[in-house]
Every structure is written in C-alpha cells, then in structure tokens.
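Each remark here refers to the structure printed beneath this line.
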Amino acid sequence: MIALSVVLTTAAVAGIALPAHATSYPSWSDVQSARHSAAAKAAQVKRIEGLLASSKAVVEHTQQVAQQRGAEYQVARDQVDSANDRLGKVKKEVAADQKRAKAASQRAGLLAAQLSRTGGADLQTTLFFSAGSSDRSASSFLTKLGRLSKLTQSNGEIAAAAKQAQRTAASTQAQLKQATAVLVTLKGKAASALAAAVRANETANAELQKEQGVQATLAAQLKALQAKSDATAAGYQAGLRAAAARRAAAAAAASSGGAGGSVDVSGWAHPAYGPITDGFGYRPDQPAGANPFHHGTDIGAGCGSSIYAAHAGTVVYAGWLGTYGNFIEIDNGGSVSTGYAHIRPGGTFVHVGQQVSAGQNIASVGMTGAATGCHLHFEVRINEVPINAQPFMAARGITLG
C-alpha cells in the first residue's frame, strides 16, 4: 500500500526546509561553504553518504517488517480458506447422513408397524391353534411362520441400521460444530493478522515518504559538492525542486484515480485487459510456495498496464501478502470482496480506508510474489469464501479475458 494522503510538500522535498526531525542534516548553505575547502568538502561527503545509508536502512527495516506481517496475514487467510473448505465438506456430509438416518428410521418404522399388525411374536401361538389338522393347514401354518421369522429378522437388522445411521449423523453433526468453532477462531486470528499488517504497511509507507524526501535532498547535495562550478551546484537544487513538483502532481493524479476503465450498466468493470492464463481450481504445477488451489483468475495483462476496481467499494488492505506480492483487497458491499495481486513495486495507487469507484485505476500490473511473469491475479469472494470469478463476472456483463 502506498499512503498517497501522506505527501511531503514540494518545499520540504526540494530541500528548502528540511523536516523538523532532520535538524542535524546539512543545509544547502553548509554544502555551498564546503565546496571551497577540500577538507570541508570531504567531511561533508562522508557525512552525507553516512546519512543516506542510515536513511535507506530505516526504510528497508520498516519494509521488511511490513512484508513479514503481510506474509503472516496470508498464512492466516489461507487457514481460514482451508477451514471454510472443511466446513463446506462437513455440511454436505451432515446433510447426507441426516437423509440416510431419516430414511432408515422410516424403513424401521414401517416394518415395526407391519409386525404389529400381524400380531408380533404371539402370532406363532395364534397360528398353531388356528391351523387345524389337514396337511393343507399345516403347510399354510409353516409358510406363515417362515414369513414371520423373516419379518422379525429384517426388522431387527433395519432397526440396527437405523441406530447406526443416527449415530453417524450425530458424529458428523459434532464434526460440524467443531469445524464451525475452528473457523471462528481462525477468523479472529486472521482479523488480528490483517490489523497488524495494515499497521506495519502504514508505518513503512510513512517512513518511505519521509525518507524519500530526505534522500532526494541528500543525493542532490552530494552531487552539488562534487560539481565543478557553482552554477552546476545551484542547478542541482533547482532540479530537485522541479522533480518534487512532478512527484506531487503524479501523487495527486494517482490519488484522484487517474484514467478509468469502462463500466457496465450493472456497475461492474473489467479489472484488467488480457487473455486468461490460469483459471480457478486445483493446479498441479503451481509456482513454488503458492497454494495448490488457485483461488483466482489470472489475466495476462502486460507489465505496467492498468488495474481497475471491478466495483465500487472500500479498500480494506493494500500491501504485501506473501506469495500474492503487492495486493489490494476491496470490500464491495453485500458480502462481496475483490482482490488484485502481483502489483508492481510502487504501482499501488490507493490506501486502506479509501473509497474507490468502479473502473477506477487502482494499481498497475507487475509480477511481485510467486509470479513468473506479469499478470493480474483477480479474486472474488462471497462471505470471505473464494469463488470462480469468471461466471460471477459474466453474470454481471463482464467477460474476463
């Protein structure tokens, strides 16, 4: 995530007035004075080189922390996905077991009713006294007795089967309860991991914005010290101001959304343009470290090409996400969220909490994370569960690819 709302003023970036925390940094007057003394110039060069190294180290450290928090968030997110998958399977098992248990109980009930209508076990005595003495009566008696025996045996077997089906249904119901509890716990951990990742990214971005200005000033001062003429030295300061103005204008343009993509009457838009290079589902040849189940749709957009918000919503995450690389997640409302992965370094144009419109240019395509080439990994989730984006988008008038 790049917090574009945190933008240094042109004057500060240009070195007209260094940030308050940088009072120990050399001023442009110090630089001009040192130019006329070899010893003073050497001392200032050494000082500035040390300050540049320290500034870069601060930025690198905060970025490493942000990447670590992002990787932890991905792990927690993947665990929620696995728990959701497990819960879905258990729900199907519960439904199937309950259906079998109901059918078995109905069969047992029907046979029990039939046995009751025939007189049950006392039917043997009834048949004995009513059989008479003829061979025909005796044969009839034996036939009825045989049927009764089979009926009683069948009833016992079906009753046992019904009890077993009920036990199985109770067991899967207990598994459902456990799977639900596990999911709730993992969702809580994922929420905490998300909050930690957001904080780490905000810290890293604030340091980056702050130190970029300091580094630009120090680099210009270093060039000025090494310049052969005073005019050239003064030119570095003027060039720094012009570069700062360009960066501020670019930041303002990116913050406003820039050029947008086309939006369908449904309110949805193409997230990127290019052929589909990989679809939703299991993939045996996934990149090293990537999830064996591909939760998104890969769109083969070119390096640096625009990524657009597929629908209006609120940015809930914009930062590093492990194998996803630089990633943006947008809450689109109605329990729907969309995700955009492998964004190029410096190619994120929105920040957490920002409201975006459908078709807004939110980022540019890269190959960060476990990507082997430039493309957009696009995800759609409903109630946090990933779904196939292609039919979902097609139902809203957007054909991916």
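The values are calculated or read from the model by the stated rules, or taken from the named source; none is laboratory data. It should be emphasised that the depicted structure is a prediction, and the values quoted were computed from it without experimental measurement. For neighbour counting, all protein chains shown are included, and Cβ atoms are generated from backbone atoms with ideal geometry for every residue, glycine included.
From Glu72, Glu93, Glu60, grab the single residue that is within 18 Å of Gly213 (Cα to Cα) and either in a helix (DSSP H, G or I) or touching a residue at least 12 places away in the same chain (Cβ under 8 Å) (or both). Working first, answer last.
On the way: Glu72 fails: within 18 Å of Gly213 (Cα to Cα); Glu93 fails: within 18 Å of Gly213 (Cα to Cα).
Testing whether each residue is within 18 Å of Gly213 (Cα to Cα) and either in a helix (DSSP H, G or I) or touching a residue at least 12 places away in the same chain (Cβ under 8 Å) (or both) leaves just Glu60.
Looking only at residues in region 321-341 that are at pLDDT 95 or above and either in the same structural domain as Gln68 (by TED's automatic domain parsing) or hydrophobic (A, V, I, L, M, F, W, C) (or both), which one is surrounded by the fewest Cβ atoms within 10 Å (Cβ to Cβ)?
Out of the qualifying residues, it is Val336.
Would you mention how many residues in region 364-381 are at pLDDT below 95 and in contact with a Leu (Cβ under 9 Å, 6 or more places away or on another chain)?
Matching residues across region 364-381 total 1.
Identify, by number, the condition in (1) under 26 Å from Tyr282 (Cβ atoms); (2) under 17 Å from the mean Cα position of the chain (by Cα) that Gly373 doesn't meet.
With (1) under 26 Å from Tyr282 (Cβ atoms); (2) under 17 Å from the mean Cα position of the chain (by Cα) applied to Gly373, the lone miss is (2).
Every residue, every condition in (1) modelled with pLDDT of 85 or more; (2) surrounded by 15 or more Cβ atoms within 10 Å (Cβ to Cβ); (3) touching a Leu at 6+ places or on another chain (Cβ under 7 Å), yes or no:
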residue	(1), (2), (3)
Gln209	no, yes, yes
Ala259	no, no, no
Tyr282	no, no, no
Gln286	no, yes, no
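Of the residues that sit in region 289-313 and are farther than 11 Å from Leu400 by Cβ and touching a helix residue (DSSP H, G or I) at 6+ places or on another chain (Cβ under 9 Å), which one is modelled with the highest pLDDT?
Filtering first and then ranking leaves His295.
Do you know which residues across region 27-57 are over 46 Å from the mean Cα position of the chain (by Cα) and free of Cβ contacts under 8 Å to residues at least 12 places away in the same chain?
Selection gives Ser29, Ser33, His36, Ser37, Ala38, Ala39, Ala40, Ala42, Ala43.
Taking region 185-207, which residues are surrounded by fewer than 21 Cβ atoms within 10 Å (Cβ to Cβ) and over 20 Å from the mean Cα position of the chain (by Cα)?
Thr203, Ala206, Glu207, listed by residue number.
Would you confirm whether or not region 312-320 contains a residue that is in contact with a Ser or Thr (Cβ under 8 Å, 6 or more places away or on another chain), over 26 Å from Ala395 (Cβ atoms) and surrounded by fewer than 23 Cβ atoms within 10 Å (Cβ to Cβ)?
no
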